[in-house]
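Working notes for the structure below.
The values are calculated or read from the model by the stated rules, or taken from the named source; none is laboratory data. Here the structure is a predicted model, which means the values were calculated and not measured. Glycine gets a Cβ as well: all are built from the backbone with ideal geometry, and neighbour counts include every protein chain shown. Accessible surface areas use protein heavy atoms only, side chains included; no ligands, DNA or RNA. Shrake-Rupley method; radii C 1.70, N 1.55, O 1.52, S 1.80 Å.
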Amino acid sequence: MHGFSRLGNGRANGVSPPLSTTPSPPSSPRFRHSRSKNASFGSRSPKLHTFAERLVYIVLSAVYRKRGVLLFAPLVYISGMLLYMGSLSLEVVAPVVVVKPAPPGSTYRSPQVFEKLRPFMQDDGNHSSNALMTAWHVKSHQSWKHCVNQSISQAGYSELPRSNGFLIIEANGGLNQQRLSICDAVAVAGLLNATLVIPMFHLNSVWRDSSKFGDIFDEGFFIYALRNNVNVIKELPEDVLARFDNNISNIVNLRVKAWSSPTYYIQKVLPKLLQMGAVRIAPFSNRLAQAVPSSIQGLRCLANYEALRFSQPIRTLAEKMVDRMVKNSSMSGGKYVSVHLRFEKDMVAFSCCIYDGGEEEKREMDIARERGWRGKFNKTGRIIRPGAIRMDGKCPLTPLEVGMMLRGMGFDNTTSVYIAAGKIYKAEKFMAPLRQLFPLLETKETLALPEELAPFKGHSSRLAALDYTVCLNSEVFVTTQGGNFPHFLMGHRRYFFGGHAKTIKPDKRKLALLFDSPNIRWEYFKRQMQEMLHHSDLKGIEMKKPSSSLYTFPIPDCMCKQVEPGKSDRSTPIII
């Protein structure tokens with residue numbers, strides 16, 4: 001195509017030029033074309049001042065050298081426009097940090113809610129009647145009476161056959177867990193036709209109470225009340241103990257599974273009892289199933305509601321405390337509210353909930369958790385979400401939250417309130433708003449004289465027995481966290497008050513939502529609280545389900561329906 005071959009001999013018209021005048025071989029037209037373009041482009045010699053301009057020049061130069069310039073032209077055009085308009089910045093921009101809102105419940109907002117609602121509470125209290133007078137609406141046809149002796153006699157326990165041996169049990173836990181063990185032991189002894197030795201109490205690492213059975217309960221009365229149904233003795237006879245080298249630890253300890261059926265005891269425990277003459281079961285808490293034949297349930301009823309009563313020192317002081325609460329409640333006809341407040345340091349630590357104590361609170365709770373549960377909350381893979389715990393209704397209610405709840409339900413500042421509790425966490429701080437809402441507030445420390453309370457100091461179960469009795473006699477009982485104390489108390493109140501528990505059991509999930517709303521209106525809050533009170537009233541009389549505890553639901557195993565409705569209120573204190 002071209003006039004000269006790249007390897008041509010240089011001839012023109014057949015004439016060879018002299019060697020001295022022979023030109024250099026011509027370059028390829030492609031190279032010539034490229035160099036000409038570069039020369040023309042470079043001849044402009046643009047002045048490039050900024051990095052952006054240099055970068056654009058390099059890109060355009062590279063594109064221009066290629067023949068695909070038309071393909072890149074739109075891209076070059078758009079990039080230039082963006083640079084010109086400032087939309088595409090070549091500077092390094094710090095990333096924008098988006099702060100997510102804290103999850104619901106992760107912040108303790110109850111103090112803000114209190115500040116919002118306090119003026120309305122004060123104003124409303126001046127114009128409303130005290131809810132103590134109208135808390136319960138028990139219908140006459142729902143009234144029940146206790147009939148333990150009737151159920152026992154129908155079960156055929158009027159005469160005692162010869163004993164099959166001695167049953168020794170060890171009750172563990174606090175006051176009401178011990179109570180549960182004792183009552184179940186009576187039922188098992190009746191089932192096995194065994195002689196029950198007065199239960200021993202395990203020294204619990206949490207309760208740290210060295211009290212024996214007779215320090216808390218009336219031993220003589222317990223034995224007497226059961227005499228026609230179960231044989232009970234204070235100590236194992238010496239001749240029997242001698243067979244075991246005078247060491248009770250040598251008696252075989254049977255490891256019975258929790259919630260064992262009567263059939264298990266007949267098939268597994270009775271043969272050992274007949275063979276050895278004595279057996280031990282330790283620990284014994286929750287070792288008998290809830291669903292058992294009526295004859296066994298009757299023994300549970302008899303033990304819990306009739307045979308177990310507190311020792312004389314406890315009964316004497318408890319009666320004085322109840323009388324003082326009634327006198328302090330003259331403005332409400334002697335009626336008062338009792339609250340089981342679970343806001344001790346150990347309870348707060350175990351819940352893993354966060355309040356408003358900041359770093360100091362976190363440090364105290366970490367120490368308490370490590371002391372009480374040694375690494376339980378620091379296991380690998382365990383994630384603790386305090387907000388989720390609160391919204392699930394598992395955080396202990398603070399004294400302030402209990403106070404707001406009661407005021408919303410209609411209990412005004414003339415209401416006498418008794419607080420049953422251990423040592424409240426940071427009591428000076430957390431109890432102050434509750435005292436502001438209810439000036440007539442008492443605890444066992446304020447209700448009893450120091451010298452009266454002195455013999456009970458250091459014995460948590462005996463102190464709990466005082467609380468139990470004062471709560472039992474209240475018009476309204478409020479449970480805030482669950483546990484054996486309120487469950488047994490609800491059952492006792494049903495037993496003594498015509499089948500009605502007279503207990504407020506709040507919906508803590510609903511409360512968590514309400515207390516997490518600083519802008520809540522008083523009318524809405526009050527309506528929600530009154531609905532909660534009404535629901536507690538409706539659930540006051542409730543029948544026992546097969547899987548439920550007889551100690552919380554004594555109907556129908558321990559109670560019979562009244563033919564003639566009677567008043568459930570009593571003029572004299574109930575001292576057990």
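Worth a mention:
- Candidate set: region 516-531, residues that are within 24 Å of the chain's Cα centre (by Cα) and not in a helix (DSSP H, G or I); chosen: the one farthest from Cys395 (Cα to Cα): Pro518
- Among the conditions (1) of a type outside the set (S, T, N, Q); (2) part of a helix (DSSP H, G or I); (3) surrounded by 15 or more Cβ atoms within 10 Å (Cβ to Cβ), the only one that His534 does not satisfy is (3).
- Filtering region 402-409 for residues that are of a type outside the set (Lys, Arg) and within 16 Å of the chain's Cα centre (by Cα) leaves a non-empty set.
- Hits in region 342-362 (condition: farther than 13 Å from Lys426 by Cβ and either touching a Ser or Thr at 6+ places or on another chain (Cβ under 9 Å) or not in a helix (DSSP H, G or I) (or both)): Arg342, Cys352, Cys353, Ile354
- Checking every residue in region 269-278 against the condition of being in contact (Cβ under 8 Å) with a residue 40 or more places away in the chain, touching a helix residue (DSSP H, G or I) at 6+ places or on another chain (Cβ under 7 Å), open to solvent by 40 Å² or more (accessible area, probe 1.4 Å) and outside the structural domain of Lys457 (by the TED database) gives zero matches.
- Flag if Met391 is closer than 20 Å to Phe515 by Cα and open to solvent by less than 10 Å² (accessible area, probe 1.4 Å): no
- Search result, residues across region 216-242 that are surrounded by 20 or more Cβ atoms within 10 Å (Cβ to Cβ) and among the charged types (D, E, K, R): Asp218
- Selection from region 249-268 of residues that are surrounded by fewer than 13 Cβ atoms within 10 Å (Cβ to Cβ) and either under 16 Å from Ala171 (Cβ atoms) or not assigned by the TED database to the domain that holds Leu203 (or both): Ala258
- Lone unmet requirement of (1) at pLDDT 85 or above; (2) not in a helix (DSSP H, G or I) for Val206: (1)
- Close contacts from region 537-549, counting a first residue that is within 19 Å of Ile504 (Cα to Cα) and touching a residue at least 60 places away in the same chain (Cβ under 8 Å) and a second that is open to solvent by 90 Å² or more (accessible area, probe 1.4 Å) and assigned to a loop (DSSP other than H, G, I, E, B), with Cβ to Cβ under 7 Å and a gap of 6+ residues or different chains, come to Asp537/His137.
- Any hit, region 449-464, residues being touching a Leu at 6+ places or on another chain (Cβ under 6 Å), under 30 Å from Leu203 (Cβ atoms) and polar (S, T, N, Q): yes
- Lone qualifier among Asn286, Asn246 - being within 34 Å of the chain's Cα centre (by Cα) and either in the same structural domain as Leu196 (by the TED database) or assigned to a helix (DSSP H, G or I) (or both): Asn286
- Looking across region 260-283 at every residue that is within 20 Å of Gln177 (Cα to Cα) and modelled with pLDDT of 95 or more, the one that is farthest from the chain's Cα centre (by Cα) is identified as Arg280.
- In the set Lys505, Lys526, Lys510, only one residue is open to solvent by 10 Å² or more (accessible area, probe 1.4 Å) and in contact with a strand residue (DSSP E or B) (Cβ under 9 Å, 6 or more places away or on another chain); that residue is Lys505.
- Residues satisfying the stated conditions in region 209-229, i.e. touching a Ser or Thr at 6+ places or on another chain (Cβ under 8 Å) and in a loop (DSSP other than H, G, I, E, B): Asp209, Ser211, Asp218, Asn228
- Cross-chain or 6+ apart pairs with Cβ under 6 Å, region 297-314 first and touching a residue at least 24 places away in the same chain (Cβ under 8 Å) and open to solvent by 10 Å² or more (accessible area, probe 1.4 Å), then assigned to a loop (DSSP other than H, G, I, E, B) and aliphatic (A, V, I, L, M): Arg309/Ile576
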